[in-house]
Amino acid sequence: EHIGYKSPSDGYDLTQLRLGIYIKPARWFELVAVTQDSRVFFNQHIANAPPYQNIWDIREAYARLGTESEGSADLVIGRQMFSFGDERVIGPSDWLNMGRTFDTIRLDLHPAGASVSIFAASVINAVDGQIDHHIEGNNLYGIYSSFKKLVPRAVLEPYLFWRIAPGNVSLPETQGHGHLNELTGGARVAGTLAGGFDYDVEMNKQTGSLGRYTIDAWGGHWNVGKTFLNTRGKPRPFLEYNYATGTKHPAGDTWSTHDQLYPSSHDKMDFADQFGWRNIEDLRAGVMEKIARRWTFTEMVNNLWLATKNDAVYSASGAASVAADPRATSRRLGSELDLVGTFKQNAHVTYGFGFAHLFTGRFLQEATPGKDYSYPFTYVTYVF
(Lines give C-alpha, C1' and ligand atoms only; values in the text may rest on other atoms or scores of the structure.)
Protein backbone atom coordinates (compact mmCIF):
# COMPACT_ATOMS: atom_id res chain seq x y z
CA GLU A 1 0.00 0.00 0.00
CA HIS A 2 1.27 3.51 -0.97
CA ILE A 3 4.12 2.52 -3.30
CA GLY A 4 6.81 5.19 -3.33
CA TYR A 5 5.00 6.94 -0.44
CA LYS A 6 2.31 7.98 -2.94
CA SER A 7 -1.33 6.97 -3.49
CA PRO A 8 -0.88 3.89 -5.74
CA SER A 9 -1.19 0.51 -4.06
CA ASP A 10 -0.86 -2.98 -5.46
CA GLY A 11 -1.56 -6.58 -4.60
CA TYR A 12 0.05 -9.42 -6.50
CA ASP A 13 0.91 -13.10 -6.43
CA LEU A 14 4.46 -14.37 -6.93
CA THR A 15 5.33 -17.92 -7.95
CA GLN A 16 8.74 -19.52 -8.16
CA LEU A 17 9.57 -23.03 -9.35
CA ARG A 18 13.06 -24.55 -9.38
CA LEU A 19 13.97 -27.85 -11.00
CA GLY A 20 17.47 -29.24 -10.73
CA ILE A 21 19.61 -32.13 -11.90
CA TYR A 22 22.60 -33.21 -9.83
CA ILE A 23 24.94 -35.74 -11.45
CA LYS A 24 27.90 -37.23 -9.57
CA PRO A 25 29.73 -39.75 -11.76
CA ALA A 26 32.61 -39.85 -9.27
CA ARG A 27 33.11 -38.86 -5.64
CA TRP A 28 35.37 -35.99 -6.75
CA PHE A 29 33.27 -34.77 -9.70
CA GLU A 30 29.77 -33.22 -9.76
CA LEU A 31 27.62 -31.57 -12.44
CA VAL A 32 24.72 -29.29 -11.43
CA ALA A 33 22.01 -27.77 -13.62
CA VAL A 34 19.05 -25.82 -12.17
CA THR A 35 16.34 -23.96 -14.06
CA GLN A 36 13.95 -21.50 -12.46
CA ASP A 37 10.59 -20.04 -13.46
CA SER A 38 9.57 -16.82 -11.66
CA ARG A 39 6.29 -15.08 -12.43
CA VAL A 40 4.04 -12.32 -11.13
CA PHE A 41 0.23 -12.30 -11.41
CA PHE A 42 -2.59 -9.80 -10.70
CA ASN A 43 -0.17 -6.86 -10.47
CA GLN A 44 -1.16 -3.37 -11.54
CA HIS A 45 1.71 -1.03 -10.70
CA ILE A 46 4.81 -3.21 -10.57
CA ALA A 47 6.42 -4.47 -13.78
CA ASN A 48 6.30 -7.95 -15.31
CA ALA A 49 10.08 -7.96 -15.10
CA PRO A 50 12.94 -8.81 -12.73
CA PRO A 51 13.04 -9.17 -9.82
CA TYR A 52 9.35 -10.17 -9.92
CA GLN A 53 9.32 -12.10 -13.19
CA ASN A 54 11.98 -13.99 -15.13
CA ILE A 55 10.42 -16.86 -17.04
CA TRP A 56 12.37 -20.13 -17.36
CA ASP A 57 15.97 -19.12 -17.06
CA ILE A 58 19.22 -20.79 -16.03
CA ARG A 59 19.52 -20.57 -12.24
CA GLU A 60 22.70 -22.61 -11.81
CA ALA A 61 24.99 -24.53 -14.17
CA TYR A 62 28.38 -25.55 -12.86
CA ALA A 63 30.95 -28.30 -12.51
CA ARG A 64 32.64 -29.09 -9.20
CA LEU A 65 35.99 -30.84 -8.87
CA GLY A 66 36.44 -32.19 -5.36
CA THR A 67 33.84 -32.21 -2.59
CA GLU A 68 32.56 -29.62 -0.14
CA SER A 69 32.84 -31.94 2.87
CA GLU A 70 35.92 -34.06 2.14
CA GLY A 71 39.51 -33.34 1.22
CA SER A 72 41.34 -30.04 1.43
CA ALA A 73 39.81 -28.16 -1.52
CA ASP A 74 37.18 -28.07 -4.25
CA LEU A 75 36.93 -26.01 -7.45
CA VAL A 76 33.70 -24.69 -9.01
CA ILE A 77 33.43 -23.37 -12.57
CA GLY A 78 30.15 -22.03 -13.98
CA ARG A 79 27.01 -20.30 -12.70
CA GLN A 80 26.36 -20.60 -8.97
CA MET A 81 24.59 -19.03 -5.99
CA PHE A 82 26.87 -17.36 -3.42
CA SER A 83 26.17 -17.36 0.32
CA PHE A 84 28.73 -16.01 2.77
CA GLY A 85 28.25 -15.47 6.50
CA ASP A 86 25.04 -13.67 7.39
CA GLU A 87 24.67 -12.76 3.68
CA ARG A 88 24.97 -9.09 4.63
CA VAL A 89 27.54 -8.49 1.88
CA ILE A 90 27.02 -11.42 -0.52
CA GLY A 91 24.03 -13.76 -0.73
CA PRO A 92 21.45 -15.25 -3.12
CA SER A 93 18.71 -12.78 -2.12
CA ASP A 94 16.05 -15.49 -2.25
CA TRP A 95 13.30 -13.23 -0.89
CA LEU A 96 13.32 -11.61 -4.32
CA ASN A 97 11.25 -13.77 -6.61
CA MET A 98 14.13 -14.53 -8.99
CA GLY A 99 17.12 -14.27 -6.62
CA ARG A 100 20.76 -13.78 -7.63
CA THR A 101 23.54 -15.91 -9.13
CA PHE A 102 27.07 -15.36 -10.40
CA ASP A 103 29.23 -16.64 -13.23
CA THR A 104 32.33 -17.70 -11.34
CA ILE A 105 35.57 -19.53 -10.94
CA ARG A 106 35.78 -20.38 -7.25
CA LEU A 107 38.29 -22.29 -5.15
CA ASP A 108 37.22 -23.39 -1.67
CA LEU A 109 39.84 -24.45 0.85
CA HIS A 110 38.58 -26.25 3.94
CA PRO A 111 41.20 -27.18 6.50
CA ALA A 112 40.02 -28.33 9.92
CA GLY A 113 38.04 -25.63 11.73
CA ALA A 114 38.18 -23.16 8.86
CA SER A 115 37.13 -22.44 5.29
CA VAL A 116 38.49 -20.01 2.72
CA SER A 117 36.75 -19.11 -0.56
CA ILE A 118 38.78 -17.43 -3.31
CA PHE A 119 36.82 -16.39 -6.38
CA ALA A 120 36.50 -14.30 -9.52
CA ALA A 121 32.86 -13.64 -10.40
CA SER A 122 30.40 -11.48 -12.30
CA VAL A 123 26.79 -11.09 -11.18
CA ILE A 124 24.05 -12.14 -13.60
CA ASN A 125 22.10 -9.30 -15.19
CA ALA A 126 18.50 -10.53 -15.38
CA VAL A 127 16.38 -9.72 -18.44
CA ASP A 128 13.01 -11.44 -18.79
CA GLY A 129 12.49 -13.22 -22.11
CA GLN A 130 16.10 -14.14 -22.80
CA ILE A 131 18.87 -16.29 -21.34
CA ASP A 132 20.59 -14.11 -18.73
CA HIS A 133 24.25 -13.13 -18.90
CA HIS A 134 26.64 -11.04 -16.85
CA ILE A 135 27.77 -7.55 -17.87
CA GLU A 136 31.29 -7.59 -19.29
CA GLY A 137 33.68 -5.74 -17.00
CA ASN A 138 31.34 -5.77 -13.98
CA ASN A 139 33.53 -8.07 -11.90
CA LEU A 140 34.02 -9.03 -8.28
CA TYR A 141 37.16 -10.69 -6.95
CA GLY A 142 37.28 -11.84 -3.37
CA ILE A 143 38.46 -13.86 -0.44
CA TYR A 144 35.95 -14.83 2.24
CA SER A 145 37.21 -16.87 5.18
CA SER A 146 35.62 -18.43 8.23
CA PHE A 147 37.44 -19.57 11.40
CA LYS A 148 35.68 -21.45 14.19
CA LYS A 149 38.51 -21.74 16.72
CA LEU A 150 40.19 -18.32 16.82
CA VAL A 151 37.54 -16.72 19.04
CA PRO A 152 36.01 -18.78 21.91
CA ARG A 153 32.39 -19.82 21.23
CA ALA A 154 32.28 -17.74 18.06
CA VAL A 155 32.94 -17.73 14.34
CA LEU A 156 35.27 -15.09 12.86
CA GLU A 157 34.84 -14.23 9.17
CA PRO A 158 37.36 -11.79 7.65
CA TYR A 159 36.90 -10.85 3.99
CA LEU A 160 38.42 -8.76 1.23
CA PHE A 161 36.68 -7.86 -2.05
CA TRP A 162 37.87 -5.98 -5.11
CA ARG A 163 35.09 -4.70 -7.31
CA ILE A 164 35.37 -3.07 -10.71
CA ALA A 165 32.52 -1.84 -12.92
CA PRO A 166 32.54 -0.11 -16.31
CA GLY A 167 31.64 3.55 -16.54
CA ASN A 168 29.53 3.16 -19.68
CA VAL A 169 26.87 0.94 -18.06
CA SER A 170 24.12 2.25 -15.79
CA LEU A 171 24.39 0.54 -12.39
CA PRO A 172 22.84 1.59 -9.05
CA GLU A 173 26.29 1.52 -7.46
CA THR A 174 27.94 3.88 -9.93
CA GLN A 175 24.95 6.21 -10.58
CA GLY A 176 26.48 7.40 -13.84
CA HIS A 177 29.61 8.78 -12.18
CA GLY A 178 32.06 6.66 -14.18
CA HIS A 179 34.35 3.68 -13.73
CA LEU A 180 34.30 1.95 -10.32
CA ASN A 181 37.45 0.55 -8.74
CA GLU A 182 36.66 -0.33 -5.15
CA LEU A 183 38.28 -2.32 -2.35
CA THR A 184 36.14 -3.55 0.57
CA GLY A 185 37.79 -5.03 3.64
CA GLY A 186 35.89 -6.18 6.68
CA ALA A 187 34.99 -8.92 9.11
CA ARG A 188 32.07 -10.51 10.91
CA VAL A 189 32.19 -12.13 14.34
CA ALA A 190 29.18 -13.94 15.81
CA GLY A 191 28.95 -16.07 18.90
CA THR A 192 27.46 -16.78 22.31
CA LEU A 193 28.24 -15.62 25.82
CA ALA A 194 27.38 -16.84 29.29
CA GLY A 195 23.82 -16.39 30.53
CA GLY A 196 22.13 -17.05 27.19
CA PHE A 197 23.50 -13.93 25.48
CA ASP A 198 24.52 -13.91 21.81
CA TYR A 199 26.00 -11.29 19.50
CA ASP A 200 26.62 -10.60 15.82
CA VAL A 201 28.95 -7.78 14.70
CA GLU A 202 30.03 -6.92 11.15
CA MET A 203 31.99 -3.92 9.89
CA ASN A 204 33.75 -3.03 6.67
CA LYS A 205 35.72 -0.15 5.14
CA GLN A 206 35.83 0.86 1.48
CA THR A 207 38.48 2.71 -0.52
CA GLY A 208 39.24 3.23 -4.20
CA SER A 209 37.77 5.45 -6.89
CA LEU A 210 34.46 6.16 -8.63
CA GLY A 211 34.99 8.35 -11.68
CA ARG A 212 36.52 11.59 -10.37
CA TYR A 213 35.76 10.70 -6.74
CA THR A 214 37.99 9.10 -4.13
CA ILE A 215 36.03 6.47 -2.18
CA ASP A 216 35.99 6.71 1.62
CA ALA A 217 33.02 4.80 3.07
CA TRP A 218 32.17 2.32 5.79
CA GLY A 219 29.28 0.35 7.23
CA GLY A 220 28.56 -1.48 10.48
CA HIS A 221 26.07 -3.88 12.05
CA TRP A 222 25.78 -4.62 15.77
CA ASN A 223 23.26 -7.04 17.30
CA VAL A 224 22.98 -8.44 20.82
CA GLY A 225 20.29 -10.70 22.20
CA LYS A 226 19.45 -12.97 25.11
CA THR A 227 17.50 -16.23 24.93
CA PHE A 228 15.48 -17.17 28.01
CA LEU A 229 15.76 -20.95 27.72
CA ASN A 230 13.74 -21.67 30.87
CA THR A 231 10.82 -19.46 29.86
CA ARG A 232 7.88 -20.69 27.81
CA GLY A 233 8.44 -19.90 24.16
CA LYS A 234 12.18 -19.35 24.75
CA PRO A 235 11.88 -15.64 23.87
CA ARG A 236 14.93 -13.85 22.51
CA PRO A 237 14.70 -10.07 22.94
CA PHE A 238 17.35 -8.25 20.93
CA LEU A 239 18.73 -4.80 20.23
CA GLU A 240 20.36 -3.92 16.91
CA TYR A 241 22.06 -0.91 15.34
CA ASN A 242 22.98 -0.51 11.67
CA TYR A 243 24.89 2.30 10.06
CA ALA A 244 26.24 3.08 6.59
CA THR A 245 27.83 6.31 5.42
CA GLY A 246 26.47 8.65 2.77
CA THR A 247 28.11 11.39 0.72
CA LYS A 248 27.91 14.65 2.68
CA HIS A 249 29.43 16.87 -0.02
CA PRO A 250 28.37 15.66 -3.52
CA ALA A 251 30.18 18.58 -5.15
CA GLY A 252 33.46 17.59 -3.49
CA ASP A 253 36.03 14.98 -4.42
CA THR A 254 35.10 12.24 -1.89
CA TRP A 255 32.45 9.58 -2.45
CA SER A 256 31.28 8.25 0.92
CA THR A 257 28.13 6.35 -0.04
CA HIS A 258 28.62 2.84 1.30
CA ASP A 259 28.39 0.11 -1.36
CA GLN A 260 26.35 -2.76 0.06
CA LEU A 261 27.69 -5.09 -2.68
CA TYR A 262 25.38 -8.09 -3.32
CA PRO A 263 23.53 -8.93 -0.09
CA SER A 264 20.46 -10.95 0.71
CA SER A 265 19.03 -7.60 1.74
CA HIS A 266 15.60 -8.70 2.97
CA ASP A 267 15.12 -7.88 6.66
CA LYS A 268 18.63 -6.48 7.01
CA MET A 269 17.36 -2.93 7.73
CA ASP A 270 13.58 -3.23 7.82
CA PHE A 271 11.20 -6.05 6.98
CA ALA A 272 9.33 -3.98 4.38
CA ASP A 273 12.64 -3.65 2.49
CA GLN A 274 12.34 0.07 1.87
CA PHE A 275 15.95 0.80 2.83
CA GLY A 276 19.37 -0.62 2.00
CA TRP A 277 22.75 -0.54 3.76
CA ARG A 278 23.62 2.84 2.20
CA ASN A 279 23.35 6.29 3.81
CA ILE A 280 21.33 4.84 6.68
CA GLU A 281 21.10 4.86 10.45
CA ASP A 282 18.81 2.21 11.94
CA LEU A 283 18.01 1.40 15.58
CA ARG A 284 16.01 -1.79 15.92
CA ALA A 285 14.54 -3.69 18.85
CA GLY A 286 12.40 -6.79 18.95
CA VAL A 287 11.70 -10.23 20.31
CA MET A 288 11.61 -13.68 18.74
CA GLU A 289 9.74 -16.58 20.31
CA LYS A 290 8.64 -20.14 19.61
CA ILE A 291 5.13 -20.29 21.03
CA ALA A 292 4.81 -23.93 19.96
CA ARG A 293 7.03 -26.57 18.39
CA ARG A 294 6.16 -25.48 14.84
CA TRP A 295 5.28 -21.81 15.39
CA THR A 296 7.76 -18.91 15.44
CA PHE A 297 6.83 -15.26 15.91
CA THR A 298 8.91 -12.08 15.67
CA GLU A 299 7.86 -8.56 16.62
CA MET A 300 10.18 -5.63 15.79
CA VAL A 301 10.28 -1.84 15.84
CA ASN A 302 12.68 0.14 13.66
CA ASN A 303 13.68 3.79 13.98
CA LEU A 304 15.37 5.06 10.83
CA TRP A 305 17.36 8.14 9.79
CA LEU A 306 19.52 9.14 6.85
CA ALA A 307 23.21 9.24 7.74
CA THR A 308 23.22 12.55 5.82
CA LYS A 309 20.30 14.33 4.16
CA ASN A 310 22.68 15.52 1.43
CA ASP A 311 22.58 12.03 -0.10
CA ALA A 312 19.69 9.97 -1.47
CA VAL A 313 17.47 7.39 0.19
CA TYR A 314 18.51 3.96 -1.08
CA SER A 315 16.21 0.97 -1.43
CA ALA A 316 17.01 -2.59 -0.36
CA SER A 317 18.35 -3.24 -3.88
CA GLY A 318 20.91 -0.45 -3.46
CA ALA A 319 19.29 1.85 -6.03
CA ALA A 320 18.37 5.43 -5.15
CA SER A 321 14.64 5.56 -4.34
CA VAL A 322 14.29 9.18 -3.17
CA ALA A 323 16.69 11.88 -4.31
CA ALA A 324 18.47 14.13 -1.85
CA ASP A 325 16.33 17.17 -1.09
CA PRO A 326 18.17 20.41 -0.23
CA ARG A 327 14.94 21.76 1.32
CA ALA A 328 14.73 18.95 3.86
CA THR A 329 14.97 20.03 7.48
CA SER A 330 15.41 16.57 9.01
CA ARG A 331 17.20 13.25 8.48
CA ARG A 332 14.26 11.36 9.99
CA LEU A 333 12.89 8.60 7.71
CA GLY A 334 10.36 7.23 10.17
CA SER A 335 9.47 4.26 12.33
CA GLU A 336 8.43 0.80 11.23
CA LEU A 337 6.43 -1.87 13.05
CA ASP A 338 6.98 -5.48 11.88
CA LEU A 339 4.94 -8.53 12.89
CA VAL A 340 6.06 -11.84 11.36
CA GLY A 341 5.03 -15.45 11.88
CA THR A 342 6.03 -18.83 10.43
CA PHE A 343 4.51 -22.31 10.72
CA LYS A 344 6.62 -25.31 9.74
CA GLN A 345 4.14 -28.06 8.93
CA ASN A 346 6.81 -30.67 8.18
CA ALA A 347 10.21 -31.04 6.52
CA HIS A 348 8.70 -30.06 3.16
CA VAL A 349 6.10 -27.32 3.81
CA THR A 350 6.50 -23.95 5.56
CA TYR A 351 3.89 -21.18 5.81
CA GLY A 352 4.66 -17.55 6.54
CA PHE A 353 2.63 -14.40 7.10
CA GLY A 354 3.13 -10.93 8.43
CA PHE A 355 2.56 -7.21 8.32
CA ALA A 356 5.00 -4.31 8.14
CA HIS A 357 3.99 -0.66 8.43
CA LEU A 358 6.30 2.32 7.95
CA PHE A 359 5.20 5.55 9.62
CA THR A 360 6.95 8.15 7.48
CA GLY A 361 9.16 10.72 9.20
CA ARG A 362 9.82 14.34 8.40
CA PHE A 363 12.34 13.77 5.58
CA LEU A 364 9.95 11.55 3.60
CA GLN A 365 7.08 13.92 4.33
CA GLU A 366 9.10 16.82 2.90
CA ALA A 367 10.81 15.03 -0.04
CA THR A 368 7.84 12.83 -1.13
CA PRO A 369 4.04 12.86 -0.78
CA GLY A 370 4.82 11.25 2.57
CA LYS A 371 2.15 8.57 2.75
CA ASP A 372 2.79 5.70 5.16
CA TYR A 373 3.84 2.42 3.54
CA SER A 374 2.16 -0.90 4.42
CA TYR A 375 3.32 -4.37 3.44
CA PRO A 376 1.05 -7.33 4.34
CA PHE A 377 2.15 -10.71 2.99
CA THR A 378 1.63 -14.47 3.10
CA TYR A 379 3.66 -17.26 1.53
CA VAL A 380 4.05 -21.01 1.33
CA THR A 381 7.25 -22.89 0.52
CA TYR A 382 7.26 -26.50 -0.63
CA VAL A 383 10.54 -28.37 -0.99
CA PHE A 384 10.44 -31.78 -2.63
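The values are calculated or read from the model by the stated rules, or taken from the named source; none is laboratory data. Just so it is clear, the model here is predicted, and its values are computed rather than measured. With ideal geometry, Cβ positions are generated from the backbone for all residues, glycine too; neighbour counts draw on all protein chains shown. Each accessible area value is taken on the protein alone, full model and side chains, heavy atoms only, with ligands, DNA and RNA left out. Shrake-Rupley method; radii C 1.70, N 1.55, O 1.52, S 1.80 Å.
Quick notes
- Restricting region 128-141 to residues that are touching a residue at least 40 places away in the same chain (Cβ under 8 Å) and not β-branched (V, I, T) leaves a set whose member that is nearest to M203 (Cα to Cα) is L140.
- Some residue of region 176-185 being open to solvent by less than 30 Å² (accessible area, probe 1.4 Å), touching a Lys or Arg at 6+ places or on another chain (Cβ under 9 Å) and part of a loop (DSSP other than H, G, I, E, B): yes
- Beta carbons closer than 6 Å, at least 6 apart along the sequence or on distinct chains, pair a first residue in region 105-127 that is touching a residue at least 12 places away in the same chain (Cβ under 8 Å) with a second that is of a type in the set (K, R) for G113/K148; G113/K149; F119/R106.
- Any chance Y241 is out of contact with any His (no Cβ under 6 Å at 6 or more places or on another chain), under 30 Å from R327 (Cα atoms) and not polar (S, T, N, Q): yes
- Among the residues of region 188-208, those that are free of Cβ contacts under 8 Å to residues at least 60 places away in the same chain, open to solvent by less than 40 Å² (accessible area, probe 1.4 Å) and either among the small types (G, A, S) or part of a loop (DSSP other than H, G, I, E, B) (or both) comprise G191, G196, G208.
- Every residue from region 14-27 that is surrounded by fewer than 12 Cβ atoms within 10 Å (Cβ to Cβ) and within 22 Å of the chain's Cα centre (by Cα): T15, L17
- Exactly one residue out of G252, G219 is in a loop (DSSP other than H, G, I, E, B) and not aromatic (F, W, Y): that is G252.
- Beta carbons closer than 6 Å, at least 6 apart along the sequence or on distinct chains, pair a first residue in region 157-182 that is modelled with pLDDT of 95 or more with a second that is open to solvent by 50 Å² or more (accessible area, probe 1.4 Å) for L160/I143; W162/Y141; W162/L183; I164/N181.
- Residue in region 28-46 that is farthest from F102 (Cα to Cα), counting only those that are in contact with a strand residue (DSSP E or B) (Cβ under 9 Å, 6 or more places away or on another chain) and open to solvent by 60 Å² or more (accessible area, probe 1.4 Å): F42
- Subset of region 370-384 [of a type in the set (S, T, Y) and either under 20 Å from I291 (Cβ atoms) or open to solvent by 40 Å² or more (accessible area, probe 1.4 Å) (or both)]: Y375, T378, Y379, T381, Y382
- Residues in region 347-369 that are in contact with a Lys or Arg (Cβ under 9 Å, 6 or more places away or on another chain), closer than 13 Å to S335 by Cα and open to solvent by less than 70 Å² (accessible area, probe 1.4 Å): T360, G361, F363, L364.
- Residue, surrounded by the most Cβ atoms within 10 Å (Cβ to Cβ), within region 151-175, restricted to residues that are β-branched (V, I, T) and within 21 Å of the chain's Cα centre (by Cα): T174
- Cross-chain or 6+ apart pairs with Cβ under 9 Å, region 247-263 first and without any contact (Cβ under 8 Å) to a residue 60 or more places away in the chain and under 13 Å from Q206 (Cα atoms), then assigned to a strand (DSSP E or B) and β-branched (V, I, T): T254/T214; T254/I215; S256/I215; T257/I215; H258/I280
- Selected residue (criterion: farthest from T308 (Cα to Cα)) from residues of region 217-240 that are open to solvent by 70 Å² or more (accessible area, probe 1.4 Å) and among the aromatic types (F, W, Y): F228
- Subset of region 270-303 (residues that are without any contact (Cβ under 8 Å) to a residue 60 or more places away in the chain, within 19 Å of the chain's Cα centre (by Cα) and farther than 17 Å from L339 by Cα): F275, G276, R278, N279, I280, E281, D282
- Matching residues, region 5-26, being touching a strand residue (DSSP E or B) at 6+ places or on another chain (Cβ under 7 Å), outside any strand (DSSP E or B) and either in contact (Cβ under 8 Å) with a residue 60 or more places away in the chain or closer than 23 Å to G334 by Cβ (or both): Y5
- Scanning region 298-346 for residues that are among the basic types (K, R) and buried (at least 21 other Cβ atoms within 10 Å of the Cβ) turns up just one, K309.
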